[in-house]
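Peer 1: One structure follows; several queries about it will come next.
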Amino acid sequence: MAMEHQGNRRLVLKTVIGLWFFLFLAAPLAFANSPFIFASTPGKLPKEVVPHRYEIRIQPDLDKLTTTGSVIVDLEFLHPAREIVFNVNDLKITKATLLDPEPVNLLPHANTNNQTVALKLPQKHAAGKSRLALEFTGRIGEQAQGLFYVKYNAPSGKKIMLGTQMEPTDARRMFPCWDEPAFRATYQLTAVLPEKFKAFSNLPIEQETPVASGLKETRFATTPPMSSYLVVLVAGELESISDEVDGVKIRVVTTEGKSEQGRYALDATKKLLHYYNDYFGIKYPLPKLDQIAIPGGFDGAMENWGAITYNESVLLFDPKTSSPETQRGIFVDVAHEMAHQWFGNLVTTAWWDDLWLNEGFASWMENKATDHFNPDWQMWLAAASDKTAVMSGDAHSTTHPIQQAVANESEANDAFDSITYEKGSAFLRMLEAYLGPDEFRRGIQHYLSGHLYSNATTADLWDALENISGKPIRAISTGWTEQPGLPLVSVKAKCSDGRQVVSLEQRRFTVQDPHSYPLRWEIPMTLVSSGTTNKYLLKDKSAELPLGDCLALVKANAGDTGYYRVQYSPALNEKLLQNLNSFSAADRLNLLNDSWALVEAGKASSADYFAFVGALRDEQTFAIWDEIISTCYLIDDLEQGQPGRKAFQQFVCSLLRQPFQEIGWMPKTGEPFNQSLLRGKVIGALGHFGDAPVIVEAKNRFAQFVATPDSLPPSLRPAVLRIGGRYADKPIYDHLHELARNATGTEERELYYGAMGNALDPELARETLALSLTNETIPQEATYFVIMVATQGEHKELAWNFARDHMPALLAKVDGFNRDNYVPSIFGAFSDDSRAEELLAYVKHHVSADAVMKAREAAEEIRFKAMLKKRELPVIDNWVATH
């Protein structure tokens, strides 16, 4: 709101907020019929003393990049205690006073390893209420951990802004707190900031007061009871656009000159908020919802309650420059983060071992909601790509259950992985298909309404779904969330008395893991026969069931809603192959993905897979070509340095020319959205695999683009720039570098730097590597240059030698979320067994013990690629030679 209008509007706003908060406080009493008891919840903090309310005051110094602050915490001693223990990291407690009611000064005892501070009490404190006053100093970092800063260029000059990233365990870097999710409390935040800054937090501004030296004090309204990782503060010279839906004020907040690029996200927010209010049966409980674009500092987005933060590349859309992939990604990301406002914020997991309840659900909901509003995008087909990728990793020995024990801060960071997100999402989709969408929805509503403003566990979700459906959800679900891995269902058919009898048998599906222990699942299966879909719960190791007449064509996992692999008998497999194009796109994609998975597991040959690919030559579905191209990229990666690479690339080009001839270079008026995605995907792949006419045309279009930027449609920019970067000479590389330095938006900047990282010329690769040590761009982007050069640029030795020589400087730029996975990501370019051992040894001795788990996962992937290269490349080379 404008400064000149604040005086009159502030009183109205305070009245509205006061009324809202009174109603809010009553809500838990009405709905929380299953109060959460956190005494046995994991964590480092004792449960004797709990916070109920924080009053935080913080004053950042943007010159020194430090903070001073104070916190008053309303406490409750649930049991008599001799000490108060809370979390602190990178803060110094300068004063601690227990106001009880006479002030008692306490001496803080810090445990740096545990990130805690203990205050010893002069005598045992009785059960009951108390207040604690703390004063502290801290720092503002460049990494997105706690309170951080971002420096960026704006039309009016160089700027700095503040943002926060608290999840999972970094609120303790900004202020002292009980920084574990079970400790829900209310927060009233006050920040002292430059007068020209606009500030945003979870709730609206309650009051702003000028103070000395060009500063102002901004106080926000008190939040609902919530976990500490949801606290947010963003401040800078910002602008916004706004709207309202269902009585909630919605805004998109950007840096100078970019607010109109938030229009698409604002429209998406308006649609989604109404949709979620209806789907969950619970109205969004806060008076406002901000979507805030930050020009760097962190990747992705964070679901802070009432003020979601995004890297601006995944929130802002410029129709003149942004690609269709960006458009789709924005809607998906907004749908994901908004789903968290209910699943994660309104009801929060009790501990990080149940993180999938937040992230798996939001990942499932992002596809459901996006598909609802954009059915032509075929989101469930697109989601199959994520599903098949996580299934591949889930078949390895280094996998873990969806619910995994989390013992410390590093393990909490590592829990944000594909098992949590994609497997969690895929399992929920399978469960919805088993129960039916209406019954599943009622179960979700029952779960949320029973735990409003509280914490919950996976068991609570199963109880809610069981109560609504009357089905044994806990018995079915436990195997999927508490066991690692996934099943393989073998399907055979025989004719008996004129009826077809289908035999099903399950066993654990593994890749390069001969010593894995056997597991069993209760598998909700869907089988289609003669156009009829049959549901069956495979509870035992094997089963037989009649399905139609003897000539009926049988396919399992109809609609691709299940999280399991299927292997058909040779006779059934041949029938499916011959009739492949009679199935739906989802079933064609499922058969294709299962075919390659069986190759990875050594249960089929690459020749079998390419038989399916050959049958799909006339395919027009984007998701199917996306999977074929992804597998070809994997094989091409294995072919690096091998004699068969050129012939394989020529084969892929011949395969892709047919869809390319159908779609051509230029977008057509009124063409389907996915046609545009397919064009970019096919052109980019043809360029990668060395198709000379496409490379020449891409270079010509790049030259035209440099001279006249509007000449290149947004849908072609990613593909043309990647091809231009891959085959760049020094002048083209320098053009890209100039474009990157002058880019005003994160999406553009990342596109140009990404093209530079593609360069096959080793001298240009060295230039890109050197940039990672400079301050030319934000730290997170800079360190990623090394990974790009190793993988996209195919200079793995060069990149690793550079990284090894400069590892301390590189790791100093990497945030906590990505630090454990940084070295493994570089090694991901290798496919030789010896590199797996080298990775493990290096991480153990030069990074940290915390990073060993991620190193083991990457080492297993390296060994897998080495095995695949040795076993399958001769088969592939022979197949290419004969076709």
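Peer 1: Would the stretch 668-687 turn up any residue that is modelled with pLDDT of 95 or more, of a type in the set (D, E, K, R), touching an Asp or Glu at 6+ places or on another chain (Cβ under 8 Å) and surrounded by 19 or more Cβ atoms within 10 Å (Cβ to Cβ)?
Peer 2: Scanning the stretch 668-687, I find at least one residue that is modelled with pLDDT of 95 or more, of a type in the set (D, E, K, R), touching an Asp or Glu at 6+ places or on another chain (Cβ under 8 Å) and surrounded by 19 or more Cβ atoms within 10 Å (Cβ to Cβ), so the answer is yes.
Peer 1: The conditions are (1) buried (at least 18 other Cβ atoms within 10 Å of the Cβ); (2) in a loop (DSSP other than H, G, I, E, B), and LEU162 fails exactly one of them. Which is it?
Peer 2: That leaves (2) as the condition not met.
Peer 1: Any idea which of GLN649, GLN658 is modelled with pLDDT under 95 and either within 17 Å of ILE628 (Cα to Cα) or crowded, with 19+ Cβ neighbours inside 10 Å (or both)?
Peer 2: GLN658
Peer 1: Looking only at the stretch 112-150, which residues are of a type in the set (S, T, N, Q), open to solvent by 60 Å² or more (accessible area, probe 1.4 Å) and either assigned to a strand (DSSP E or B) or closer than 24 Å to ASN304 by Cα (or both)?
Peer 2: Selection gives GLN123 alone.
Peer 1: Which of the residues that make up the stretch 271-327 are within 21 Å of the chain's Cα centre (by Cα), farther than 20 Å from LEU147 by Cβ and of a type in the set (D, E, K, R)?
Peer 2: Listed by number, the list holds a single entry, GLU325.
Peer 1: Could you count how many residues in the stretch 688-709 are closer than 26 Å to TYR633 by Cα, of a type in the set (Val, Ile, Thr) and surrounded by fewer than 19 Cβ atoms within 10 Å (Cβ to Cβ)?
Peer 2: Summing the residues that are closer than 26 Å to TYR633 by Cα, of a type in the set (Val, Ile, Thr) and surrounded by fewer than 19 Cβ atoms within 10 Å (Cβ to Cβ) in the stretch 688-709 gives 2.
Peer 1: Can you name every one of the strands (runs of 3 or more DSSP E) wholly within the stretch 448-524 that holds 3 or more residues which are open to solvent by 60 Å² or more (accessible area, probe 1.4 Å) and more than 24 Å from ASN345 (Cα to Cα)?
Peer 2: Of the strands (runs of 3 or more DSSP E) lying wholly inside the stretch 448-524, those with at least 3 residues that are open to solvent by 60 Å² or more (accessible area, probe 1.4 Å) and more than 24 Å from ASN345 (Cα to Cα) span 486-496, 499-509.
Peer 1: Can I ask one more? Hey, does the stretch 332-347 have a residue that's assigned to a loop (DSSP other than H, G, I, E, B), over 30 Å from PRO514 (Cβ atoms), over 16 Å from the mean Cα position of the chain (by Cα) and β-branched (Val, Ile, Thr)?
Peer 2: Within the stretch 332-347, none of the residues are assigned to a loop (DSSP other than H, G, I, E, B), over 30 Å from PRO514 (Cβ atoms), over 16 Å from the mean Cα position of the chain (by Cα) and β-branched (Val, Ile, Thr).
Peer 1: A further question on this structure: Any residue in the stretch 838-861 that is open to solvent by 70 Å² or more (accessible area, probe 1.4 Å) sitting within a Cβ distance under 6 Å of a residue that is of a type in the set (Gly, Ala, Ser)? List the pairs, counting only those 6 or more apart or interchain.
Peer 2: ASP850/SER410
Peer 1: Can I ask one more? Count, please, the residues in the stretch 710-751 that happen to be open to solvent by less than 10 Å² (accessible area, probe 1.4 Å) and either part of a helix (DSSP H, G or I) or charged (D, E, K, R) (or both).
Peer 2: 11
Peer 1: The conditions are (1) open to solvent by 30 Å² or more (accessible area, probe 1.4 Å); (2) on the phi > 0 side of the Ramachandran plot; (3) within 16 Å of the chain's Cα centre (by Cα), and GLN378 fails exactly one of them. Which is it?
Peer 2: (3)
Peer 1: Same structure again: Quick test for you: out of ALA27, ALA81, pick the one residue that is open to solvent by less than 40 Å² (accessible area, probe 1.4 Å), at pLDDT below 95 and on the phi < 0 side of the Ramachandran plot.
Peer 2: Of the residues listed, the single one that is open to solvent by less than 40 Å² (accessible area, probe 1.4 Å), at pLDDT below 95 and on the phi < 0 side of the Ramachandran plot is ALA27.
Peer 1: Given the conditions (1) over 26 Å from PRO375 (Cβ atoms); (2) part of a loop (DSSP other than H, G, I, E, B), and given that ILE695 satisfies all but one, which numbered condition is not satisfied?
Peer 2: Looking at each condition in turn, ILE695 falls short on (2).
Peer 1: Go through (1) surrounded by 15 or more Cβ atoms within 10 Å (Cβ to Cβ); (2) in contact with a Phe, Trp or Tyr (Cβ under 9 Å, 6 or more places away or on another chain) one by one and return the number of the condition LYS95 breaks.
Peer 2: Here LYS95 clears every test but (1).
Peer 1: When you look at VAL823, is it out of contact with any Pro (no Cβ under 6 Å at 6 or more places or on another chain), among the β-branched types (Val, Ile, Thr), within 19 Å of GLN143 (Cα to Cα) and modelled with pLDDT of 95 or more, yes or no?
Peer 2: Yes: the conditions hold for VAL823.
Peer 1: I want to confirm something. Restricting to the stretch 752-786 and keeping residues that are surrounded by fewer than 22 Cβ atoms within 10 Å (Cβ to Cβ), of a type in the set (A, V, I, L, M) and in contact (Cβ under 8 Å) with a residue 12 or more places away in the chain, which single residue is farthest from PHE689 (Cα to Cα)?
Peer 2: So, considering only residues that are surrounded by fewer than 22 Cβ atoms within 10 Å (Cβ to Cβ), of a type in the set (A, V, I, L, M) and in contact (Cβ under 8 Å) with a residue 12 or more places away in the chain, the one farthest from PHE689 (Cα to Cα) is LEU773.
Residue by residue, here is whether (1) within 30 Å of ARG722 (Cβ to Cβ); (2) among the hydrophobic types (A, V, I, L, M, F, W, C); (3) crowded, with 24+ Cβ neighbours inside 10 Å holds:
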| position | (1), (2), (3) |
| --- | --- |
| VAL314 | yes, yes, no |
| TRP356 | no, yes, yes |
| TRP364 | no, yes, yes |
| ASP371 | yes, no, no |
| ASN374 | yes, no, no |
| ALA383 | yes, yes, yes |
| ASP386 | yes, no, no |
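Peer 1: Working only within the stretch 510-559, note down all residues that are of a type in the set (Gly, Ala, Ser) and without any contact (Cβ under 8 Å) to a residue 40 or more places away in the chain.
Peer 2: SER529, SER530, GLY531, SER542, ALA558
Peer 1: Just wondering, is there one or more residues in the stretch 84-106 that are assigned to a strand (DSSP E or B), at pLDDT 95 or above, more than 28 Å from VAL192 (Cα to Cα) and not aliphatic (A, V, I, L, M)?
Peer 2: Looking through the stretch 84-106, none of the residues is assigned to a strand (DSSP E or B), at pLDDT 95 or above, more than 28 Å from VAL192 (Cα to Cα) and not aliphatic (A, V, I, L, M).
Peer 1: For THR269, are the conditions met, namely being outside any helix (DSSP H, G or I) and of a type in the set (Val, Ile, Thr)?
Peer 2: no
Peer 1: From (1) more than 24 Å from SER242 (Cα to Cα); (2) at pLDDT below 95; (3) open to solvent by 10 Å² or more (accessible area, probe 1.4 Å), pick out the condition that doesn't hold for ALA350.
Peer 2: In the conditions (1) more than 24 Å from SER242 (Cα to Cα); (2) at pLDDT below 95; (3) open to solvent by 10 Å² or more (accessible area, probe 1.4 Å), ALA350 misses (3) alone.
Peer 1: For PHE197, indicate whether it is closer than 25 Å to GLN780 by Cβ and modelled with pLDDT of 95 or more.
Peer 2: Against the criterion (closer than 25 Å to GLN780 by Cβ and modelled with pLDDT of 95 or more), PHE197 qualifies.
Peer 1: Those residues that are part of a strand (DSSP E or B) and open to solvent by 20 Å² or more (accessible area, probe 1.4 Å), I need them from the stretch 44-59; list them, please.
Peer 2: Passing the criteria: HIS52, ARG53, GLU55, ARG57, GLN59.
Peer 1: Sticking with this structure for a sec: Out of everything in the stretch 63-78 that is more than 31 Å from the chain's Cα centre (by Cα) and outside any strand (DSSP E or B), what residue ends up being surrounded by the fewest Cβ atoms within 10 Å (Cβ to Cβ)?
Peer 2: ASP63
Peer 1: Select from the stretch 525-547 the residues that are surrounded by 14 or more Cβ atoms within 10 Å (Cβ to Cβ) and among the polar types (S, T, N, Q) and write down the one among them that is modelled with the highest pLDDT.
Peer 2: Among those residues, the one meeting the criterion is THR526.
Peer 1: Here's another thing I want to ask about it. Quickly run through the stretch 604-619 and pick out the residues that are touching a Leu at 6+ places or on another chain (Cβ under 8 Å) and open to solvent by 20 Å² or more (accessible area, probe 1.4 Å).
Peer 2: ALA604, ASP608, ALA611, ALA615, ARG617
Peer 1: Where residues in the stretch 220-272 are in contact with a strand residue (DSSP E or B) (Cβ under 8 Å, 6 or more places away or on another chain), open to solvent by 10 Å² or more (accessible area, probe 1.4 Å) and among the β-branched types (Val, Ile, Thr), which of them is nearest to PRO181 (Cα to Cα)?
Peer 2: Ranking the qualifying residues of the stretch 220-272, first place goes to THR222.
Peer 1: Would you check which residues across the stretch 78-106 are more than 26 Å from ASP170 (Cβ to Cβ) and not small (Gly, Ala, Ser) and list them?
Peer 2: Hits for the stretch 78-106 are LEU78, HIS79, PRO80, ARG82, LEU98, LEU99, ASP100, PRO101, GLU102, PRO103, VAL104, ASN105.
The values are calculated or read from the model by the stated rules, or taken from the named source; none is laboratory data. These numbers come from a predicted model, not from an experiment. Cβ: placed from backbone, ideal geometry, glycine included. Neighbour counts: every protein chain shown. Please note that ligands, DNA and RNA were not included when accessible areas were found on the heavy atoms of the full protein model with its side chains. Shrake-Rupley method; radii C 1.70, N 1.55, O 1.52, S 1.80 Å.
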